[in-house]
Amino acid sequence: MAVPRPVEAQARKLRAEIERHNRQYYVLDAPLVNDAEYDRLFRELQELEREHPELVSPDSPTQRVGGAPLPQFEQFAHHTPMLSLNNAFSADEVVAFDKRVCEGLKTVNVEYLAEPKFDGLAISLTYEQGKFTQGATRGDGYTGEDVTPNLRTIKSIPLHLQGAGVPRLIEIRGEVLMYRRDFERMNERQREQGEKAFVNPRNAAAGSLRQLDSRITARRPLRFFAYAIGLVEGAAAPATHAELENWMEGLGLPVCPERRRVSGVQGLMQFYDEMAARREELPYDIDGVVYKVNSLAAQARLGYVARAPRFAIAHKFPAEEASTEVQAIEVQVGRTGALTPVARLKPVFVGGVTVTNATLHNLDQVRAKDVRAGDTVIVRRAGDVIPEVARVLPEKRPRGAVEFQMPSVCPECGSKVERLESEAVHRCTGGLFCPAQRKQALLHFASRRAMDIEGLGEKLVDQLVDGGIVHTPAGLYRLGLAKLAGLERMAEKSASNVVAAIEKSKRAPLARFIFALGIYHVGEEVAKVLARHFGSLAKFLDADWDALIAEKERVQKENTRRRNKDETLLAPILHGVGPEIIQSVANFLRQPHNREVIEQLRASGAVSEEEILPPGEPEGALSGKSFVLTGTLPDLSRDEAKALIEAQGGKVVGSVSTKTDYVVAGAEPGSKLARAKELGIPVLDEAGLLRMLKGS
């Protein structure tokens, strides 16, 4: 079926708009819209492509999410070799390089383009008729790996070149890397999820780009800078390297702004010194600077020697490592309860700063490196925000140095410390009480998909916790107007709104309440399964968790046996909730502090005491029915309507199809309503949905 022209035009418009915003955010660092507006545009394009699959193409922004895993990477032969650079480690070697260049060009002074040397992964991008068609790693310089699906997920890489004079064919050379702030956030998420943290941004970037599953790459915060071309057809390349990078920038490619034309050795060394001084200010890691003869004609005359060009060289910075003594190993409790061992060091100057602490990540890392109090260690900074212990010098270990042991109780609150079998991270189980987790617990409890206390944001939580006003989520329900209005930057009207929002959050459905508790591993879907299984808070709190785990494992084992014999399977217990998640819930509820807070919340009326469904009974008035929500309902939010439908066994999906049973439409419903009418699917308003929920 042909796509209607207006729809096709709207899709083109949305793609151009989204790519423009990607460039503004990821390349120019100057976003024009907020996240909500960007998400709205993206969802609109996704909806159009779902309704009209013919619109989907590899260069659509929606395809940046990655696709199915590849069995292996294909080999890619570079049009011209991607050779590495020779290195210089001293001023004398730079002088010698300049002398060779001057002699080769028969001149006494040469203009260079100087720029940072990224600590990332070199790649090539091929564009045909302005469209990104293929990308590869450097490999051995002659043959790399085709990682096109992965490169498509990097939002700073344009899927289309822009501007006038786009070449018929061009191969761009550049570097994939990861900003330090993005790397730290990613590692924080890895640790929170009990997964292995990456060593440094370069390893993280290289590992992310070489994933056979491009969906994994899409979740990693990779960026790209262009710095050369390997081939161009259908356009005249500029005469100098500086003009070449300006030209690439005009085509919509990200180019490093920290570049400069300089003359002679004095200009080269001045740039090196400036970059060394500014190294820590840069958002990305660099391990030196690169000098290139600026004239492209002069580059051609100088040519190559062995596997490196004569016209360029990398001037490397000194290694950022130093030796010092571990005075103690202490444990820090993070905002999500993760326990991180930290080496307290005898102060040492490394990487331009004095270092007194170094992260040891987790117990496995401590054991692997065998770090003990009293050891002499090598500390590495290498541009990382948090220094780390690279290795121990065992020959300098003092007698009697004791192996580190992770504490069995939290040093902040005394709650039991747990470590699930599949994870590397130890965690405090006192999430509702632990001082280290207090702010995070309150923010999560009040979040929109949990108790939905509007107005209780980060700044207000900071004031409540730092001022000793609120210690647990239960304390929120004891806040009064006078106490809130007395806080800094909190007018009486704002305070009144927060008090009203807290009151409105009471009698929350059990699923929302369980999710709001912030139990590790318990997201929204798991909370819904638990709520439906137990039916009430009382039964949830009184559950025999050991028996549940044993029964869950028994059913799984029995079903494996039956599956092999093609026999009827047993009904699963807590479908989708594995033994480790059940264990995490059990550990949380076994802490007296958590129980005490839950009872206080219960007494305040925060959670509904009504039975949802009989325990273990998945049926409801809407069981098996599929719903699509569109437009703005008069009284219910989208999340509230979804929760009501799911509580009665229904399912809410994102797009209208022949399998949809009902569409619930409010004001400004958009194209989903038209699609429903086209397919003859019943349409309900809010009142009709509520009548259906009541079974009338």
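The values are calculated or read from the model by the stated rules, or taken from the named source; none is laboratory data. Remember, it's a predicted structure, so these values are computed and weren't measured experimentally. All Cβ positions, glycine included, derive from the backbone under ideal geometry; neighbour counts span all protein chains shown. SASA here: full protein model, heavy atoms, side chains in, ligands and nucleic acids out. Shrake-Rupley method; radii C 1.70, N 1.55, O 1.52, S 1.80 Å.
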How do the pairs read when you match residues in region 280-294 that are among the small types (Gly, Ala, Ser) with residues anywhere that are open to solvent by 10 Å² or more (accessible area, probe 1.4 Å), using Cβ under 7 Å and keeping only pairs 6 or more apart or on different chains?
GLY288/LYS117; GLY288/LYS316; GLY288/PHE317
What pairs come out if I take residues in region 179-207 that are under 28 Å from VAL522 (Cβ atoms) and in contact (Cβ under 8 Å) with a residue 60 or more places away in the chain and pair them with residues that are open to solvent by 20 Å² or more (accessible area, probe 1.4 Å) and in a helix (DSSP H, G or I) whose C-beta lies under 8 Å away, six or more apart or interchain?
LYS196/GLN190; ALA197/GLN190; ALA197/ARG191
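Every residue, every condition in (1) polar (S, T, N, Q); (2) open to solvent by less than 20 Å² (accessible area, probe 1.4 Å); (3) within 25 Å of GLY337 (Cα to Cα), yes or no:
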{"site": "MET451", "(1), (2), (3)": "no, yes, yes"}
{"site": "LEU464", "(1), (2), (3)": "no, yes, yes"}
{"site": "GLY468", "(1), (2), (3)": "no, no, yes"}
{"site": "HIS471", "(1), (2), (3)": "no, no, yes"}
{"site": "LEU487", "(1), (2), (3)": "no, no, no"}
{"site": "SER496", "(1), (2), (3)": "yes, no, no"}
{"site": "ALA511", "(1), (2), (3)": "no, no, yes"}
{"site": "GLU525", "(1), (2), (3)": "no, no, yes"}
{"site": "ALA547", "(1), (2), (3)": "no, no, no"}
Consider GLU175 against the criteria (1) open to solvent by 10 Å² or more (accessible area, probe 1.4 Å); (2) under 19 Å from TYR284 (Cβ atoms); (3) in a helix (DSSP H, G or I); (4) in contact with a Gly (Cβ under 8 Å, 6 or more places away or on another chain): it satisfies all of them except one. Which criterion is unmet?
(3)
Condition first: part of a loop (DSSP other than H, G, I, E, B), under 20 Å from LEU212 (Cβ atoms), among the hydrophobic types (A, V, I, L, M, F, W, C) and touching a Pro at 6+ places or on another chain (Cβ under 9 Å). Can you find one or more residues in region 152-171 that meet it?
yes
Report yes if PRO411 is in contact (Cβ under 8 Å) with a residue 24 or more places away in the chain, outside any helix (DSSP H, G or I), closer than 30 Å to LEU442 by Cβ and not polar (S, T, N, Q), otherwise no.
yes
So in region 673-686, with the set limited to residues that are open to solvent by less than 50 Å² (accessible area, probe 1.4 Å) and either hydrophobic (A, V, I, L, M, F, W, C) or not in a helix (DSSP H, G or I) (or both), which one is nearest to SER626 (Cα to Cα)?
ILE681
Kindly provide the set of residues from region 527-552 that are farther than 19 Å from ALA450 by Cα, under 34 Å from the mean Cα position of the chain (by Cα) and charged (D, E, K, R), ordered by number.
LYS552
Quick check on LEU442: is it open to solvent by 10 Å² or more (accessible area, probe 1.4 Å) and outside any strand (DSSP E or B)?
no
Going through region 198-247 one residue at a time, which ones are modelled with pLDDT of 90 or more, open to solvent by 50 Å² or more (accessible area, probe 1.4 Å) and aliphatic (A, V, I, L, M)?
ALA239
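Results for (1) among the small types (Gly, Ala, Ser); (2) within 30 Å of PRO394 (Cβ to Cβ), shown as yes or no for each residue.
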site: ARG279; (1), (2): no, no
site: SER295; (1), (2): yes, no
site: GLN299; (1), (2): no, no
site: PHE317; (1), (2): no, yes
site: SER323; (1), (2): yes, yes
site: GLN327; (1), (2): no, yes
site: GLY337; (1), (2): yes, no
site: THR340; (1), (2): no, yes
Condition (residue is part of a strand (DSSP E or B) and touching a Ser or Thr at 6+ places or on another chain (Cβ under 6 Å)) applied to region 422-433: is it met by at least one residue?
yes
Could you check GLU103 against (1) farther than 16 Å from PRO309 by Cα; (2) over 27 Å from the mean Cα position of the chain (by Cα); (3) open to solvent by 50 Å² or more (accessible area, probe 1.4 Å) and say which number it fails?
(1)
